[in-house]
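Below is one structure, written out as structure tokens; comments come after it.
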Amino acid sequence: VAQTMTSNLNNSRKVMQVKVFIMTHYDERVIAHMEKHDFPVRSALARIMSQKTESDLARPTFRQELAEEFRLEINSILERLEDFGGIESVGFTEFVVQ
């Protein structure tokens, strides 16, 4: 599952655009849950992105930290709504700041 997300950076005119992918080793239920709860997941990820600053992006580990923050948030949402998370990793196939 891959989704493109776009958000302004906090206190900046710059925009961050990422294409997010998720990985799970569980069955299709996890993918179905992701599709069913697309809106709250996208909303939460956009909120996380909008809190990031230009100085956050300068850290060498920023992408890994953001991916882990996304994974934790997605699992939290799925656990709350479906009693099971199942997202094992999150990554980026595209990552643009302009």
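The table that follows gives values for the structure above.
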| quantity | calculated |
| --- | --- |
| Extension reserve of the Glu65-Val15 stretch, reckoned as 0.36 nm per residue once the Cα distance is removed | 16.2 nm |
| In order through the range 75-84: 3J(HN,Hα) via Karplus (6.51 cos²θ - 1.76 cosθ + 1.60), integer Hz, x for Gly, Pro | 4, 4, 5, 5, 5, 5, 8, 10, 6, 7 |
| Placed amide H near Ser89: partners under 5 Å, 5+ positions off or other chain | Met23 |
| FRET E, pair Asn8, Ile31, Förster distance 30 Å, beta-carbon r, rounded to 0.05 | 0.55 |
| Taking the chain and dividing mean pair separation by its residue count, relative contact order in percent (alpha carbons under 8 Å, at least six apart) | 41 |
| Karplus-derived HN-Hα couplings along the range 47-55 (A = 6.51, B = -1.76, C = 1.60, θ = phi - 60°), whole Hz, x at Gly and Pro | 4, 4, 4, 5, 8, 7, 10, 4, 5 |
| Net charge of neighbours whose Cβ lies under 9 Å from the Cβ of Ser7, counting Lys and Arg as +1 and Asp and Glu as -1 | +2 |
| Per-residue ³J(HN,Hα) for the range 8-22, Karplus 6.51 cos²θ - 1.76 cosθ + 1.60, θ = phi - 60°, Hz, x for Gly and Pro | 6, 7, 5, 6, 8, 8, 6, 10, 10, 10, 10, 10, 9, 10, 10 |
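Only the coordinates and a few stated rules stand behind these numbers; no lab work does. Source: prediction; values computed, not measured. Note: ideal-geometry Cβ built from the backbone for every residue, glycine included; neighbour counts use all protein chains shown.
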